Amino acid sequence: MRVIVLGGDGFCGWPTSLHLSANGHRVTIVDNLVRRRTDAELGASSLTPIRSIEERLQAWRETRNSPIDFAEIDVAHDYDALEELFREVRPDAIVHFAEQRAAPYSMKSPRHKRYTVDNNVNATNAVLCAMVEAAPDAHLVHLGTMGVYGYGKTKGMQIPEGYIDATLRSGGVSADVEILYPADPGSIYHMTKTLDQLLFFYYAKNDGLRITDLHQGIVWGTATPETLLDERLVNRFDYDGDYGTVLNRFLMQAAIGHPLTVHGSGGQTRAFIHIRDTVQCIEKAASTPPKRGERVRIINQMTETHRVRDLASMISGMTGVPVEHQHNPRKEAAENDLVVANDTLIKLGLQPTRLSDGLMTEVVEVARRYASRCDPAKIVSQSRWVRAEAAE
Ligand code: NAD
């Protein structure tokens, strides 16, 4: 396949681009490198020393895999360049990671809220619009989030893959219909992902675009077989309070002996997937497109669920680092159960990587190796979901 990876310089996009290229696909990365500038804004950086995009691509050429092309384009705002690229590359698949993806970052201030909505919604709309004009037969694979479903309202019911049967009643008439699972976003970032869903629904219905929306769990781990080929191919590892996702943050804290910071009671149950499984799932999804005219295909891209305090005590048991409960900056249910259907991925042939597979130790080792690069002052989240006076 000819594949365009939008956001291909990021945490999920870089290893996905390498994996696709290693498997013989012709890859073009599009990225405006905003994530690197956000590091500068936050005074934080990846724990692993990521190289410039030029050095990354040069290192990949030296592995003798097929070279990866790169175009620096702002997907949300450089529309003409995006459409032109689609026309030039004639992609079979477009993988869309190019969004602001941190919930705490999206809640930092009015500027961050507006930036996240502006960037994410415009990026998705521009991609769909340009596909209609220049790549109507391509298959769009978008990285969405399990967070669109919300947490805690289903009381043990299994979360289906995107759609649910419902009975609508109004004016004395009732109708049985299939609807998108009701959205219940928990942050501005998650809200943009629920808006993306409506854009997909519309463009699939109106223009017959072929779209797969992967509702992904929280990604953990950092290395894939391809990123391990050369030190210059190393993937990013975020540990700061905004971008560090919970499990990687715990592993990092364990590596430097910082208490494992659990927000609130730690009763939140969340879905997880290892980065090695992410890259495989994306290739499997990209190469099995829905038919033209079919509804948007939604796949729950997660392999296991865990309660946050259980994860903390597991890692504490492995490493002897204590757990510390802190005020929860988020507005969310203190405790929730989570049962998720992930049948499609398993049918596509994924062999899930489990937390129990020893990879946690590997990640702690990565974190230990680069521990001297860590700034402990950046670990704890400074973002707040509700303004201080309203929270009292
Ligand atoms: P990331 O921030 O590391 O990567 C995103 C990349 O997109 C960055 O390289 C950034 O520079 C680029 N980008 C952002 N806006 C852009 C724009 N307007 N034009 C061009 N490039 C742009 O994030 P990630 O962790 O790799 O996440 C990728 C996608 O996967 C996101 O959409 C995210 O919502 C989704 N996702 C991630 C996780 C996770 O745990 N990391 C979980 C669920 C879903």
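Determine, yes or no, whether His258 is open to solvent by 10 Å² or more (accessible area, probe 1.4 Å) and either in contact with a strand residue (DSSP E or B) (Cβ under 8 Å, 6 or more places away or on another chain) or closer than 20 Å to Met360 by Cα (or both). Explain how you work it out, then say what you get.
Numbers: open to solvent by 10 Å² or more (accessible area, probe 1.4 Å): yes; either in contact with a strand residue (DSSP E or B) (Cβ under 8 Å, 6 or more places away or on another chain) or closer than 20 Å to Met360 by Cα (or both): yes.
The answer is yes for His258.
Whenever a residue of segment 276-288 is in contact (Cβ under 8 Å) with a residue 40 or more places away in the chain, its partners that are in a helix (DSSP H, G or I) and open to solvent by 10 Å² or more (accessible area, probe 1.4 Å), lying with C-beta atoms within less than 9 angstrom and at least six residues away or across chains, give the pairs Arg276/His19; Arg276/Leu359; Val279/His19; Gln280/His19; Ile282/His19; Glu283/His19; Ala285/Thr344.
Determine whether segment 140-148 contains at least one residue that is outside any loop (DSSP other than H, G, I, E, B) and more than 15 Å from the ligand (Cβ to nearest atom). Don't jump to the end; show me each part of the working.
Taking segment 140-148 as the starting set, the residues that turn out to be outside any loop (DSSP other than H, G, I, E, B) are 140-148.
Keeping just the survivors that are more than 15 Å from the ligand (Cβ to nearest atom) gives none.
There is no residue in segment 140-148 that is outside any loop (DSSP other than H, G, I, E, B) and more than 15 Å from the ligand (Cβ to nearest atom).
Among residues that are under 29 Å from Thr224 (Cα atoms), modelled with pLDDT of 90 or more, basic (Lys, Arg) and surrounded by 18 or more Cβ atoms within 10 Å (Cβ to Cβ), Arg297 is included. Listed by first and then second residue, the pairs with beta-carbon distance under 6 Å, at least 6 apart or on different chains, first residue in segment 64-88 and charged (D, E, K, R), second within 11 Å of the ligand (Cβ to nearest atom), are Asp74/Asn32. If we keep just the residues of segment 11-32 that are open to solvent by 20 Å² or more (accessible area, probe 1.4 Å) and over 17 Å from the mean Cα position of the chain (by Cα), which is farthest from Arg101 (Cα to Cα)? Per the criteria, the residue is Gly24.
Every listed requirement among (1) touching a strand residue (DSSP E or B) at 6+ places or on another chain (Cβ under 9 Å); (2) open to solvent by 40 Å² or more (accessible area, probe 1.4 Å) is met by Lys378 save one, (1).
For segment 104-116, indicate whether the set of residues that are away from the ligand (no atom under 13 Å from the Cβ), more than 21 Å from Ala285 (Cβ to Cβ) and of a type in the set (Ser, Thr, Tyr) is non-empty. Within segment 104-116, one or more residues are away from the ligand (no atom under 13 Å from the Cβ), more than 21 Å from Ala285 (Cβ to Cβ) and of a type in the set (Ser, Thr, Tyr).
Please specify each residue of segment 300-337 satisfying the condition of being among the aliphatic types (A, V, I, L, M), outside any helix (DSSP H, G or I), open to solvent by less than 20 Å² (accessible area, probe 1.4 Å) and over 20 Å from Lys284 (Cα atoms). Even if it seems obvious, please write down each step before you answer.
Taking segment 300-337 as the starting set, the residues that turn out to be among the aliphatic types (A, V, I, L, M) are 302, 308, 311-312, 314-315, 318, 321, 323, 333-334.
Subset that is outside any helix (DSSP H, G or I): 302, 321, 323, 333-334.
Then drop every residue that is not open to solvent by less than 20 Å² (accessible area, probe 1.4 Å), which leaves 302, 321.
The answer is Val321, and nothing else.
Scanning segment 184-227 for residues that are among the hydrophobic types (A, V, I, L, M, F, W, C) and more than 15 Å from the ligand (Cβ to nearest atom) gives Leu198, Phe201, Ala204, Leu209.
Taking the stated definitions as given, is Asp118 assigned to a loop (DSSP other than H, G, I, E, B), acidic (Asp, Glu) and surrounded by 12 or more Cβ atoms within 10 Å (Cβ to Cβ)?
Details: assigned to a loop (DSSP other than H, G, I, E, B): no; acidic (Asp, Glu): yes; surrounded by 12 or more Cβ atoms within 10 Å (Cβ to Cβ): yes.
No: the conditions fail for Asp118.
Among the residues of segment 140-176, those identified as at positive phi, open to solvent by less than 90 Å² (accessible area, probe 1.4 Å) and modelled with pLDDT under 90 are Gly150, Gly152, Gly156. Hey, does segment 43-51 have a residue that's open to solvent by less than 10 Å² (accessible area, probe 1.4 Å), within 11 Å of the ligand (Cβ to nearest atom) and of a type outside the set (Gly, Ala, Ser)? Among the residues of segment 43-51, not one is open to solvent by less than 10 Å² (accessible area, probe 1.4 Å), within 11 Å of the ligand (Cβ to nearest atom) and of a type outside the set (Gly, Ala, Ser), which makes the answer no.
A Cβ distance below 8 Å, combined with a sequence gap of six or more or placement on separate chains, defines the contacts here; from segment 223-247, residues that are closer than 18 Å to Val279 by Cα and of a type in the set (S, T, N, Q) reach residues that are part of a helix (DSSP H, G or I) and more than 14 Å from the ligand (Cβ to nearest atom) in the pairs Thr227/Leu233.
May I ask you to list pairs of residues, at least six apart or on different chains, whose Cβ atoms are under 6 Å apart, with the first in segment 291-317 being farther than 23 Å from Asp343 by Cβ and the second being part of a loop (DSSP other than H, G, I, E, B) and polar (S, T, N, Q)? Going by the 6 Å Cβ cut-off, the qualifying pairs are Val308/Gln268. The listed residues are Arg56, Arg35, and the only one of them that is modelled with pLDDT of 95 or more, open to solvent by 10 Å² or more (accessible area, probe 1.4 Å), more than 17 Å from His139 (Cβ to Cβ) and within 13 Å of the ligand (Cβ to nearest atom) turns out to be Arg35.
Could you grab me the full set of residues in segment 228-239 that are over 14 Å from the mean Cα position of the chain (by Cα) and open to solvent by less than 10 Å² (accessible area, probe 1.4 Å)? Explain how you work it out, then say what you get.
Here is the first cut: in segment 228-239, the residues over 14 Å from the mean Cα position of the chain (by Cα) are 228-235, 239.
Within segment 228-239, Leu233, Asn235, Tyr239 qualify.
For Ala371, are the conditions met, namely being among the hydrophobic types (A, V, I, L, M, F, W, C) and either modelled with pLDDT under 85 or open to solvent by less than 40 Å² (accessible area, probe 1.4 Å) (or both)? When the stated conditions are applied, Ala371 passes them.
The values are calculated or read from the model by the stated rules, or taken from the named source; none is laboratory data. Because the structure is predicted, anything quoted here is derived from the model rather than measured. Every residue, glycine among them, receives a Cβ derived from its backbone with ideal geometry; neighbour counts consider all protein chains shown. Note: areas computed on protein heavy atoms with side chains; ligands, DNA, RNA excluded. Shrake-Rupley method; radii C 1.70, N 1.55, O 1.52, S 1.80 Å.
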